[in-house]
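Visitor: Below is one structure. I have some questions about it.
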Amino acid sequence: MAPSSTLPFETFLELLRAKGYGIGLQEYAATANLLEHWDRLHAAELGDALSALIGRNEDEVAGIRRLFDTLYAPAPPPVPTPVPTHVDPLAPVRHHIWASALIAAVVMVIAAALALFPRPEPQPRVPIEVSPVRTSTGVTAVSVPPPPAPPLPPPPQHIQRRPLAEVLAGGFLAALALFWSIKAREDRRTWRTRVWSSLRGALPGPYHYSEVIRHRPARLPKADVEDAATLLGRVFSSTSRTRELDVPRSLRATLRRGLMPTIITRPRRRAETILVLQDISQDMQMWEAIVEGFLADLRRQGIALDRMYFDADPTRLSDRPFRPVTTIDRVLRARPDAPILIISSGAGLSASLESSTSTWIAQVAARARRTWLTPVTDVALWPQSLLSLPLDVWPMTHLGLAHAARQLSALDAGTPMTADVRARIGAEGHVGLADIERLKRLASLVPHPSPDLLDLLRLRFAPDIPMAAILHLMLQAEGPSAPLIALGDGEVQRALTAVRRETPDLEAAVREMVLAVLMDSEPAADSTAHARWEIAVETQRLLLADVRGSKEHVATASAALATLARGPMWEEVQQALTLVPASAPVRGMIAGVTSDRGPRTAPPVHISTSGDATIPWSWPGLRELVPAATAAALVLGAAVGLHALPVRPVEHVLDAYNLDYEATPTASTPRLSLSPRWRNDGLPRRVDLYQDDHLYRSGLALTDGAPTVVPLTSDDTGKYYQVRATLPTSNLAVSKAVWVTSDRLAYVLIDASPWANATISSPTTKTAPQQTPFTAALLPGTYQVHFDNPDLGVPSSTDRTLEVPVGGTTLYVPMPGFDAARAVDSLMPRPGQSKR
């Protein structure tokens, strides 16, 4: 008895049957047939196919799809913990190191200055001399005190030289040390790079390894080629004849020639050779395998081909690649009736069309059987010159090959391309943004993606993406002729992160395939290419072990990369590991291997034994001295502007000169006497005389003998006078301030009965209490006089307003509560009255 076998998805079908769906033998057979021919890998696509196959309406399709997702939907991949990108916290400081140095120096000086900020010292008081006022009889009069004397200007502040020199020298040396250390570090880095470059240059070649890609299906679909070959098999020659007589044509020809006998034989159906003009320029290198496979398949189908080659310029042809050329005119004249097939992307077509000898295109267009094939299937990538040709251009797709073959076999000769066919061709080869994004994700997993390797990954993991998508990536990178597809670092990092997060299984499968290609591409040992190959292999092994979660293999690959990082290829190790997506533990291992400043470990031993292994000494130059001096000057300017440096006030020299007031010859015309106070004191003998706070007389010469007399007028009275001289240290040598009594004083007799203490007040000042009677010298104006007598029986006080005229007056006030009789009785009691 044969062992029983379980039908595919038998449990799923039984569950559907139990839920009431119509499941019978036909559904079992259809499911088995579907799974037998299923070649996809995505579970979601299989669920869609099964639900559409079994369901009989939209509700059943939706229910079957939900049940399939519940049973067979793959668990979502674990979302990796976002790895914090290694950010150098000092990168902004390094980028702006000069400005940062200046700011740091200024901040340091300001902080020191605030600690040493000087406190203002109290200003010394200038001595004041106010001469007493006397009446004409020599009696001293009481006068209202004069207003305060005008103050002296503040003494100059001189910065102390020693702290100034210390700050300037310290700022300069600190800035110089900073800039010098930056230069020394850059020189060491330059030296290290030069030594490593010399060691890398000493390694033997080859310098780059070539990818050996095996089992790459570089051919067009078999059905497309066979259909085209079937049509091309109908290309027959019209010049070859047989010995069999063509009676109808012979009779017609004899009648047309006036019964002159004319014999015409039947034509021989012989396949005619197709003239193939193949472009082998640099832009066609990525399509070379496809074109060669297509022509080889045509030969295998029995199609005769006569191949000629050209390098971007169709006017110069050769029978073998890169051989002596001949003109296209000779080739066309030698084959006047041969069908012409041109295979080119048209990259170099514009130059040949703009040439003055561009008659070749008219000769080709005059042929009845001619066509143009391009391997670029996306019409959007065709150059404009290709679209302007007077013949049809077809992509190497099923539809394009069929129409090209029909034109060569004269089935569609002279029939232009219709709008419907043009629309179908554009839709058939269109490359969408989703296709380009998927291809970018595949390219990001390859260390140095070449077009051939990327095409292999496309055929293996995304066969539905047109090959023209590779050309889109090449145009975005370095152009269609670039040997490698170089994406930007940001684009690579974004694509790698997306692949690791969304499709980790795809990443593992791609890295396995890339690793297999690398193992087949091992170059000669101990060469530069072998070192680069080892870096690529170990990087793939590290990331493959990381995505699989194999800690042992991660440690092994990390150790191998650390060894490579200590060798001449240390820079390429860092570049290879800069953008890789890795988990936190692997990221820590990578950080131990790489660094922004080069390898963290010591250089290899052979560097110390080389002739240029001594680190050169770096001396500061203008590049360091000028910024250091500028920084020190800025620091000094900031300290001076903020008054942060220690200063020493230079005090004024007080009472340095004699200044006397003499009320002679009259009070309205007094005079001042100026003289030096000491002999040989070193003070200036040319001085200025100030009236209040403004200059009155300047350049007065003093002698050690007779005093210098300055007469005053009536308008010059009632003011302060002072002698000032400026010393070399910017401070002043001054005399005492002398008050010159005004000549407008009026003498007022103040008296009270019996007596009192009187105080005279003005809006600005007042006198001290004086016992009456007394004479007051007052300027004309209004005054308040307060009388107070505490010795009466009852304390008595009163106030009076005094209007002082110009000529003077008398103020007599009897004190309230004063009784003369009572005062006499209290002093001399009457008989029979006791003395109080």
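The values are calculated or read from the model by the stated rules, or taken from the named source; none is laboratory data. All figures in this text were calculated on a predicted structure; none of them were measured in a lab. Every residue, glycine among them, receives a Cβ derived from its backbone with ideal geometry; neighbour counts consider all protein chains shown. Side chains included, ligands, DNA and RNA excluded: accessible areas come from the protein's heavy atoms. Shrake-Rupley method; radii C 1.70, N 1.55, O 1.52, S 1.80 Å.
Visitor: Answer yes or no as to whether Glu244 is surrounded by fewer than 17 Cβ atoms within 10 Å (Cβ to Cβ), at pLDDT 85 or above and not small (Gly, Ala, Ser).
Guide: No.
Visitor: Looking at (1) of a type in the set (S, T, N, Q); (2) surrounded by fewer than 16 Cβ atoms within 10 Å (Cβ to Cβ); (3) over 22 Å from Pro150 (Cα atoms), which is the only condition Thr764 fails?
Guide: The one condition Thr764 does not meet is (3).
Visitor: Residue by residue through the stretch 429-481, note down the ones that are of a type in the set (Asp, Glu) and within 29 Å of the chain's Cα centre (by Cα).
Guide: The answer is Glu437, Glu478.
Visitor: With respect to Leu332, is the statement that it is within 20 Å of Arg370 (Cα to Cα), under 59 Å from the mean Cα position of the chain (by Cα) and aliphatic (A, V, I, L, M) true?
Guide: Judged against the criteria, Leu332 is not a match.
Visitor: Let me ask something else about it. Those residues that are in contact (Cβ under 8 Å) with a residue 40 or more places away in the chain, part of a helix (DSSP H, G or I) and out of contact with any helix residue (DSSP H, G or I) (no Cβ under 6 Å at 6 or more places or on another chain), I need them from the stretch 518-535; list them, please.
Guide: Scanning the stretch 518-535 gives Asp520, Thr528, Ala529, His530, Ala531, Arg532, Trp533.
Visitor: Which of the residues spanning the stretch 357-381 are under 22 Å from Met286 (Cα atoms) and open to solvent by 30 Å² or more (accessible area, probe 1.4 Å)?
Guide: Once the filter is applied, which keeps residues that are under 22 Å from Met286 (Cα atoms) and open to solvent by 30 Å² or more (accessible area, probe 1.4 Å), the stretch 357-381 yields Val379, Ala380, Leu381.
Visitor: Scan the stretch 516-532 residue by residue and report those that are open to solvent by 30 Å² or more (accessible area, probe 1.4 Å) and closer than 14 Å to Arg460 by Cβ.
Guide: Correct list: Ala516 only.
Visitor: While we're on this one: Looking at (1) charged (D, E, K, R); (2) over 15 Å from Val276 (Cα atoms); (3) assigned to a loop (DSSP other than H, G, I, E, B), which is the only condition Arg406 fails?
Guide: Status for Arg406: all satisfied but (3).
Visitor: For the stretch 744-791, give me each residue that is part of a loop (DSSP other than H, G, I, E, B) and closer than 17 Å to Tyr812 by Cβ.
Guide: Those that are part of a loop (DSSP other than H, G, I, E, B) and closer than 17 Å to Tyr812 by Cβ: Pro754, Trp755, Ala756, Thr772, Pro773.
Let's see how each residue does on (1) in contact with a helix residue (DSSP H, G or I) (Cβ under 8 Å, 6 or more places away or on another chain); (2) open to solvent by less than 60 Å² (accessible area, probe 1.4 Å); (3) of a type in the set (A, V, I, L, M, F, W, C); (4) more than 30 Å from Leu654 (Cα to Cα):
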position	(1), (2), (3), (4)
Arg134	no, no, no, no
Val144	no, yes, yes, no
Pro151	no, no, no, no
Pro156	no, yes, no, no
Glu166	no, no, no, yes
Phe172	yes, no, yes, yes
Phe179	yes, yes, yes, yes
Glu186	no, no, no, yes
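Visitor: Quick one: Thr729 ticks every box in (1) exposed (fewer than 15 other Cβ atoms within 10 Å of the Cβ); (2) in contact (Cβ under 8 Å) with a residue 60 or more places away in the chain; (3) more than 60 Å from the chain's Cα centre (by Cα) bar one, so which box is it?
Guide: (3)
Visitor: Taking interchain pairs and intrachain pairs at least six residues apart, which have beta carbon atoms under 6 angstrom, with the first residue in the stretch 157-183 and more than 11 Å from Ala631 (Cβ to Cβ) and the second at pLDDT below 80 and hydroxyl-bearing (Ser, Thr, Tyr)?
Guide: Qualifying pairs under 6 Å: Lys183/Ser618.
Visitor: Any chance the stretch 694-704 includes a residue that's in a loop (DSSP other than H, G, I, E, B), at pLDDT below 85, more than 60 Å from the chain's Cα centre (by Cα) and closer than 29 Å to Thr140 by Cβ?
Guide: No: zero hits.
Visitor: Under 8 Å by Cβ, and 6 or more places apart or on different chains, what pairs join a residue from the stretch 495-515 that is among the acidic types (Asp, Glu) with one that is part of a helix (DSSP H, G or I) and buried (at least 17 other Cβ atoms within 10 Å of the Cβ)?
Guide: Glu507/Val499; Glu507/Arg500; Glu507/Leu543; Glu507/Val547; Glu512/Leu544
Visitor: Any idea which residue in the stretch 247-273 is surrounded by the most Cβ atoms within 10 Å (Cβ to Cβ), counting only those that are at pLDDT 75 or above and among the charged types (D, E, K, R)?
Guide: Taking the candidates together, the pick is Glu272.
Visitor: In the stretch 277-291, what residues are at pLDDT 90 or above and either polar (S, T, N, Q) or loosely packed, with under 15 Cβ neighbours inside 10 Å (or both)?
Guide: Once the filter is applied, which keeps residues that are at pLDDT 90 or above and either polar (S, T, N, Q) or loosely packed, with under 15 Cβ neighbours inside 10 Å (or both), the stretch 277-291 yields only Gln278.
Rundown of residues vs (1) within 30 Å of Gln493 (Cβ to Cβ); (2) β-branched (Val, Ile, Thr); (3) at pLDDT below 75; (4) under 57 Å from the mean Cα position of the chain (by Cα), yes/no style:
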| site | (1), (2), (3), (4) |
| --- | --- |
| Leu7 | no, no, yes, no |
| Thr11 | no, yes, no, no |
| Gln26 | no, no, yes, no |
| Leu41 | yes, no, yes, yes |
| Gly47 | no, no, no, yes |
| Leu50 | no, no, no, yes |
| Asp69 | no, no, no, yes |
| Ala75 | yes, no, yes, yes |
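Visitor: Residues that are modelled with pLDDT of 65 or more and closer than 27 Å to Val499 by Cβ, at least 1 per element: which helices (runs of 4 or more DSSP H) completely within the stretch 555-653 meet that?
Guide: Where helices (runs of 4 or more DSSP H) fall fully within the stretch 555-653 and carry at least 1 residues being modelled with pLDDT of 65 or more and closer than 27 Å to Val499 by Cβ, they are 570-578, 584-593.
Visitor: Among (1) at positive phi; (2) under 60 Å from the mean Cα position of the chain (by Cα); (3) open to solvent by less than 60 Å² (accessible area, probe 1.4 Å), which single condition is Gly781 missing?
Guide: (2)
Visitor: Any idea which of (1) among the hydroxyl-bearing types (Ser, Thr, Tyr); (2) modelled with pLDDT of 90 or more; (3) surrounded by fewer than 19 Cβ atoms within 10 Å (Cβ to Cβ) is the one Ser385 doesn't satisfy?
Guide: Only one criterion in (1) among the hydroxyl-bearing types (Ser, Thr, Tyr); (2) modelled with pLDDT of 90 or more; (3) surrounded by fewer than 19 Cβ atoms within 10 Å (Cβ to Cβ) is unmet by Ser385, namely (2).
Visitor: Further question: Which of the residues that make up the stretch 497-514 are open to solvent by 10 Å² or more (accessible area, probe 1.4 Å), out of contact with any Lys or Arg (no Cβ under 7 Å at 6 or more places or on another chain) and assigned to a helix (DSSP H, G or I)?
Guide: Hits for the stretch 497-514 are Thr497, Arg500, Arg501, Glu502, Pro504, Asp505, Leu506, Ala509, Glu512.
Visitor: Which residues, counting only those in the stretch 462-485, are in a loop (DSSP other than H, G, I, E, B), open to solvent by less than 50 Å² (accessible area, probe 1.4 Å) and either at positive phi or hydrophobic (A, V, I, L, M, F, W, C) (or both)?
Guide: Residues satisfying the conditions are Ala462, Ile465, Met467, Ala477, Gly479, Ala482, Ile485.
Visitor: Looking at the structure I just gave you, is Asp489 crowded, with 18+ Cβ neighbours inside 10 Å and not β-branched (Val, Ile, Thr)?
Guide: no
Visitor: Within the group Arg458, Arg494, which residue is within 24 Å of Ala576 (Cα to Cα), open to solvent by 70 Å² or more (accessible area, probe 1.4 Å) and either part of a helix (DSSP H, G or I) or of a type in the set (Ser, Thr, Tyr) (or both)?
Guide: Result of the check over Arg458, Arg494: Arg494.
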